[in-house]
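The block underneath contains the structure these notes are about, expressed in structure tokens.
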Amino acid sequence: MTQIRTKIAGLGFFVPENIVTNDDLSKVMDTNDEWIRARTGIEERRYVTRFKDTPATMGTEAAKTAMERAGVTAEDIDFVIFATLSPDYYFPGGGVLVQRELGLGHCGALDVRNQCSGFVYGLSIADQYIRTGTYKNILLVGSEAHSPGIDFSTRGRDVTVIFGDGAGAAVLQPTTEEGRGILTTHLHADGTHAEKLAFINPGSHSGVFTEDRSLFPQEDPYASLMITPKMIETGDHYPYMDGQFVFKNAVKRFPEVISEALQATGYNVEDIDLLVPHQANLRIAQFVQKLLRLPDEKVFNNIQKYGNTTAASIPIALCEAWEQGLVKDGDLICLAAFGSGFTWASALIRW
Ligand code: UT7
């Protein structure tokens, strides 16, 4: 029987026009271009323009390009998967907003909450639906607007300087071409470290998982999903990251999950034509590259221009690599991600 696999039929990305350099950030907080470049590789990032760009609008723009390149129209899309950690609304999810903006009728729309691994998790979900013949055109979007929710005072500089806004999208279709398409995906999570990189407040956690139970709003015992004056005073309504701890785990999990994908398919690291890692920090990608002994031309990085765009980083990078002619027919492409959760994941694709 002919095997059905999933192929990426079209890619697109959208980044807001507002470019924010390291020097721009150094005007509002105690940081500098040298520190940011040396520790992260980032030179600039994009920020959404208020009343214009949102995760859903950026995702919609990226999707339009991906759909055009795949040669599909709104009627063809039969499922939407939307990955983000910065949704337009707490609920409903961004998938339905993209569905509405694109006029996709009443197809299903699923939101994925797996942060930096969101796109690869979404890819794996889509792959299952396509292999089983359930859907024929899945729109997968990764989109983030970090800038509206980060701390621009010196207190938040470690987190704030690394994140950027943007969106990437892919249209996924079945293929029966021998050996082509998504060969394997691998998903992992370790909730032990859930709070090491997290946006906790406001939330419904009731103070149960945080060491400081006073974070749970005392003002109104029935309303926990609100920002309290204490949170604002302490900055607990901003994302928190234990940077060094995350870094150490990332450099362990990236190679691990890449090796897992290679082992599952019988390939060696030398067989990879292009590794597109989640753009967390250029130092992490370089560490992984060195460990795997991959030459420069086999690892794609664009964090220098866009910062860390979480769920959007892999589709933006993959799309840019493709636009630059670095993803060619027959190439073995490896995607790998690690981030908050912790979650980590990989995919091997024969293009
Ligand atoms: O995508 C999801 C996964 N996320 C990641 O993978 C991020 C992983 N972690 C990292 O990328 C790095 O840990 C950071 C880039 C966030 C931080 O770099 P670091 O080398 O781990 O720095 P650090 O947090 O250990 O801080 C070193 C020093 C500290 O000063 P002291 O205590 O040595 O005086 C910080 O206060 O650098 C200071 N610092 C800064 N200085 C200037 C922290 N942030 C900044 C900043 N500008 N933006």
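The values are calculated or read from the model by the stated rules, or taken from the named source; none is laboratory data. Predicted model only: the values in this text are computed from it and were never measured. All Cβ positions, glycine included, derive from the backbone under ideal geometry; neighbour counts span all protein chains shown. Surface accessibility is based on the protein's heavy atoms, side chains included, excluding ligands, DNA and RNA. Shrake-Rupley method; radii C 1.70, N 1.55, O 1.52, S 1.80 Å.
Any idea which residue in segment 254-293 is nearest to Glu320 (Cα to Cα), counting only those that are out of contact with any strand residue (DSSP E or B) (no Cβ under 6 Å at 6 or more places or on another chain) and aliphatic (A, V, I, L, M)? Result: Leu282.
Among the residues of segment 306-322, those that are in contact with a Leu (Cβ under 8 Å, 6 or more places away or on another chain) and on the phi < 0 side of the Ramachandran plot comprise Ala311, Ile314, Pro315, Leu318, Cys319, Ala321, Trp322. Summed over segment 313-340, residues that are under 13 Å from the mean Cα position of the chain (by Cα) and either within 11 Å of the ligand (Cβ to nearest atom) or closer than 22 Å to Tyr267 by Cβ (or both) total 10.
Among the candidates Gly243, Gly266, which residue alone is within 21 Å of Ser153 (Cα to Cα) and modelled with pLDDT of 95 or more? Selected residue: Gly243, the only one of Gly243, Gly266 that is within 21 Å of Ser153 (Cα to Cα) and modelled with pLDDT of 95 or more.
Based on this model, can you work out whether Pro295 counts as over 24 Å from Glu144 (Cα atoms) and not charged (D, E, K, R)? So Pro295 passes the test. Under the condition of being farther than 30 Å from Trp35 by Cβ and either among the aromatic types (Phe, Trp, Tyr) or within 16 Å of the ligand (Cβ to nearest atom) (or both), the residues counted in segment 258-293 number 1. The residues listed here are Ala261, Ala285, Ala312, Ala280; of these, the one that is surrounded by 17 or more Cβ atoms within 10 Å (Cβ to Cβ), among the small types (Gly, Ala, Ser), at pLDDT 95 or above and in contact with a helix residue (DSSP H, G or I) (Cβ under 7 Å, 6 or more places away or on another chain) is Ala280.
When segment 11-34 is limited to residues that are among the aliphatic types (A, V, I, L, M) and open to solvent by 70 Å² or more (accessible area, probe 1.4 Å), the one that is nearest to the ligand (Cβ to nearest atom) turns out to be Val28. Looking at Pro295, is it surrounded by fewer than 16 Cβ atoms within 10 Å (Cβ to Cβ) and outside the structural domain of Glu61 (by TED's automatic domain parsing)? So Pro295 fits the description; yes. Scan segment 35-76 residue by residue and report those that are surrounded by 21 or more Cβ atoms within 10 Å (Cβ to Cβ), charged (D, E, K, R) and touching a helix residue (DSSP H, G or I) at 6+ places or on another chain (Cβ under 7 Å). Selection gives Arg45, Arg46. I'd like to verify a number: residues in segment 129-166 that are within 17 Å of Asp111 (Cβ to Cβ) and either away from the ligand (no atom under 16 Å from the Cβ) or among the aromatic types (Phe, Trp, Tyr) (or both), how many? Qualifying residue count for the region: 6. Taking segment 237-248 only, how many residues are near the ligand (Cβ under 9 Å from one of its atoms), open to solvent by 60 Å² or more (accessible area, probe 1.4 Å) and not in a helix (DSSP H, G or I)? Of the residues in that region, 0 qualify. On the basis of being within 12 Å of the ligand (Cβ to nearest atom), in a helix (DSSP H, G or I), among the β-branched types (Val, Ile, Thr) and open to solvent by 10 Å² or more (accessible area, probe 1.4 Å), does Val251 make the cut? Taking the combined requirement at face value, the residue satisfies it. If only residues of segment 9-48 that are assigned to a loop (DSSP other than H, G, I, E, B) and of a type in the set (Val, Ile, Thr) are counted, the one that is nearest to Val246 (Cα to Cα) is Ile42. Scanning segment 29-43 for residues that are under 15 Å from Gly156 (Cα atoms) and of a type in the set (A, V, I, L, M) yields Met29, Ile36.
Suppose we filter Val20, Val15 for residues that are within 19 Å of the chain's Cα centre (by Cα) and within 22 Å of Asn308 (Cβ to Cβ); which single one remains? Only one candidate qualifies: Val15.
When Gly71, Gly41 are checked against the criterion of being in contact (Cβ under 8 Å) with a residue 60 or more places away in the chain and under 28 Å from Gln173 (Cβ atoms), a single residue qualifies: Gly71.
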